[in-house]
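Rule-based calculations on the coordinates, nothing more; no lab input. On a predicted model such as this, the values are computed, not experimentally measured, just so you know. Positions of Cβ are backbone-derived with ideal geometry, glycine not excepted, and every protein chain shown enters the neighbour counts.
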Amino acid sequence: QVRLVESGGGLVQPGGSLRLSCKTSRSIFSIGTLGWYRQAPGKTREWVATIYSDGNTNYAGSVEGRFTISRDNAKNTVYLQMNSLKPEDTAVYYCNAKSFGLDYWGQGTQVTVSS
């Protein structure tokens, strides 16, 4: 069982930045893969970024170069630094953990990019 709690969402102007946090209930070392997904109104949930147990990362084309996923092992926390935000980045952002073939999700945090 893995509990995930996201924070850091909010309202930001186009071109601005936000950093999302995802606190895990277990040591990150015991979790295989951590990532971020997002769901915009009327759309299906889409993958944003992943960080693997070996530290490698992967990004969706729409966010590559603007978003950075990272982790703090001591704090059992995964981050998503989002820069150069665009209105189309508006969505509920979800933290995801993949562990022993199971998927775990946080409750989500709203990000709104608007002037």
Discussion item. To make sure I understand the rule: partners must be lysines, Cα under 30 Å from the Cα of K75, and not fewer than 8 residues away in the same chain. Which ones qualify?
Written reply: K23, K86, K98
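Assuming 1.002 mPa s and 20 °C, estimate D for the chain with Stokes-Einstein, Rh taken as the Kirkwood radius over Cα pairs, in µm²/s.
Values: Rh = 14.0 Å.
It diffuses with D of about 153 µm²/s by this estimate.
Suppose we flag trypsin sites (Lys or Arg not before Pro) only when DSSP calls them loop and at most 13 other Cβ atoms lie within 10 Å. Which is the longest uninterrupted stretch of the chain? Walk me through the numbers on the way to the answer.
Numbers: sites that count: R3, K43.
Formally, the longest exposed-site-free interval is 44-115.
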Fill in: Simple label model, 7 Å out from Cα along Cβ direction - V5 to T33, nm
2.7
Fill in: Cβ-derived FRET efficiency at R0 35 Å, S17 paired with N73, nearest 0.05
0.90
Practice prompt. Sticking with the crude label model, points 7 Å out along Cα→Cβ, report the distance from S53 to F100 in nm, one decimal please.
Written response: 1.2
Discussion item. Quick check: pseudo-label points 7 Å beyond the Cα along Cα→Cβ at S84 and R66, how many nm apart are they?
Written reply: 0.8
